[in-house]
Amino acid sequence: MKLYKAGAAVAAAVALALTATACGGGSSDKSSGGDSAGGGKGKIVIGIKFDQPGVGLKTPDGKFTGFDVDVATYVAKELGYEANQIEFKQAVSSERENLIANGDVKLVVASYSINDKRKEKVDFAGPYFLAHQDLLVRADETSITKAEDLNKKKLCSVTGSTSAQNVKTKLAPEADLQQFPGYSECLTGLENKAVDALTTDNSILAGYAAQEKNKGKFKLAGLSLSNENYGIGLKKGDKDLQTKVNAALKKMVTDGAWDAAVKKNFGPADYKNEPAPQITEGS
C-alpha cells in the first residue's frame, strides 16, 4: 500500500513538472510585441503597411510581400526568429508611434521616414533605404510638372504622412489638401478625377503604378521634393535592440540580400533606387 502511494506521488510530481514546462516554454510576451530574442521560442510582432504594393502589401490570400517585408524578415532572422515566428501587424501612418509606445509591436518597418519629431517618441535603427517624395498623376496629365502647379488643385495623401504637409507648407501653399486613411483611397480618387495628384515617396508610388491593374493609368512626375530615409522604429531607449537591428541591416547590404530585395520588389516598375544609405541612428 505504501509503495502504491509513493509511486502515485512520483507520477503526480512528474505530471505537474511537465505541465509547468509546457505552459512556460512557448509563451510570448505580447505586452512587448514578442520576445526580445528568438532562439526558437515565442514570436516577434512587426508593424508593416498592408496596402503598399512593392513596399508592404497583404495579398487577398493572406500573404505578405514587398521590400519592407523582406527587410523585416531578414532582420527578424538575425534576431533569432524564423519566418513562421513573425506576426505582421498593420501599421497605418498615424498609428506607428502608438503601436511602438504601447508595446503592440517590437519593430515597425513601414516606409517610416526618420525625422526629429518622431524621434521624440521612438528610436530608429538604420536608415535602410533612401526614397524621394514625388507626385503620381494620371497618365494623360500635362498641367502638373512641378510642385507649384499643385496650387488650386486637389492633392491627396494619407493622414499622418509628412509628404502632404511638406507640399502644403513649403511648395504649394494653395493646394487643396485631401487626406484619407490609406493610399488606396487616394488612388481611387485619382483615377476617378476626384483629386489631381497623389503625393508620397517615389518607392510607394512606383509600386502602385507597376500593379497590373494600374498599368497605363498613372505616371510619376519625376520630382525629388524631399529626401526620405526609411528607418526601423523601436521603443525609445532600447539601445540593445537598436544595435542588433543595425548590425542586421549592415549584414543585409554586405551579403547582397538588400540588392536582391530591391530588384525583386521595384524592378518591374523600372524604379531607379538610390544605393543603400549609411547607417547613422544609434551611432
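The values are calculated or read from the model by the stated rules, or taken from the named source; none is laboratory data. Everything quoted here is computed from the prediction, not taken from an experiment. All Cβ positions, even for glycine, are placed from backbone atoms using ideal geometry, and neighbour counts span all protein chains on display. Each accessible area value is taken on the protein alone, full model and side chains, heavy atoms only, with ligands, DNA and RNA left out. Shrake-Rupley method; radii C 1.70, N 1.55, O 1.52, S 1.80 Å.
Figures for the structure shown
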read-out	value
Under Karplus coefficients 6.51, -1.76 and 1.60, residue-wise ³J(HN,Hα) of the stretch 248-254 in Hz, glycine/proline x	5, 5, 4, 5, 4, 6, 5
Partners for K58 among lysines (Cα-Cα distance below 18 Å; same-chain residues under 8 apart left out)	K49, K89, K213, K264
In the stretch 122-161, trypsin sites (Lys or Arg not before Pro) in a DSSP loop with at most 10 other beta-carbon atoms within 10 Å	K152
Derived scalar couplings ³J(HN,Hα) [the stretch 67-78; Karplus, 6.51 cos²θ - 1.76 cosθ + 1.60; whole Hz; x for Gly, Pro]	4, 4, 5, 5, 5, 4, 5, 5, 4, 4, 4, 5
Phi to ³J(HN,Hα) by Karplus 6.51 cos²θ - 1.76 cosθ + 1.60 over the stretch 184-195, Hz, x for Gly, Pro	4, 5, 5, 5, 4, x, 5, 5, 8, 6, 7, 10
Apportionment of accessible area to carbon and sulfur, the stretch 36-144, percent (1.4 Å)	47 percent
Whole-number percent relative contact order across the stretch 116-222, with pairs defined as alpha carbons under 8 Å at least 6 apart	38 percent
Å² per residue, accessible surface of the stretch 97-224 at 1.4 Å	41 Å²
Anchor K239: aspartates and glutamates whose Cα lies under 14 Å away (excluding residues fewer than 8 positions away in-chain)	D123, E281
Packing-based ranking, highest mean first, of 241-247, 92-98 given that Cβ atoms within 10 Å are counted	241-247, 92-98
Interchain or long-range residues, amide H under 5 Å from V195's placed H	L190
Inter-probe distance in nm under a simple model that places probes 7 Å from Cα toward Cβ, at K217 and Q90	2.0 nm
Amide hydrogen neighbours beyond the local backbone of L177, cut-off 5 Å, H modeled	L155
Built amide H within the under 5 Å cut-off of F50, gap 5+	A91
Rg/Rh (Cα only; Kirkwood hydrodynamic radius) as it applies to the stretch 85-130	0.93
